[in-house]
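What follows draws every value from the coordinates through simple rules; no lab data is involved. Being a predicted model, the structure only gives us computed values, none of them experimental. A quick note on method: Cβ atoms are made from the backbone with ideal geometry, for glycine too, and the neighbour counts reach across all protein chains shown.
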Amino acid sequence: MTYFKYVAMAYAVFFIVLAWDFIVPRLQIRQQLREARSRIARASRATPAPVDEELSR
């Protein structure tokens, strides 16, 4: 392997890792936001609507 190939491969690995560090956190944040929104939607469907009538025995 010549020196040029070594340097080119090192830069290629660097840019791959740089792209990975840029993309993966955004995907994780998007997934967590989607899960939080679905959790909020499930919680709002689970709570009964408030009743204006007073309870009596």
How far apart, in nm, are the 7 Å Cα→Cβ label points at Leu33 and Ala8? 3.9
Apply the Karplus curve 6.51 cos²θ - 1.76 cosθ + 1.60, θ = phi - 60°, to the phi angles in segment 17-30 and return the couplings in whole Hz, x for Gly and Pro. 5, 4, 5, 4, 5, 7, 7, 4, x, 5, 5, 5, 5, 4
What list of ³J(HN,Hα) couplings, whole Hz, do you get for segment 35-42 from phi and the Karplus terms 6.51, -1.76, 1.60, once you set θ to phi - 60° and write x for glycine and proline? 5, 5, 5, 5, 5, 5, 5, 5
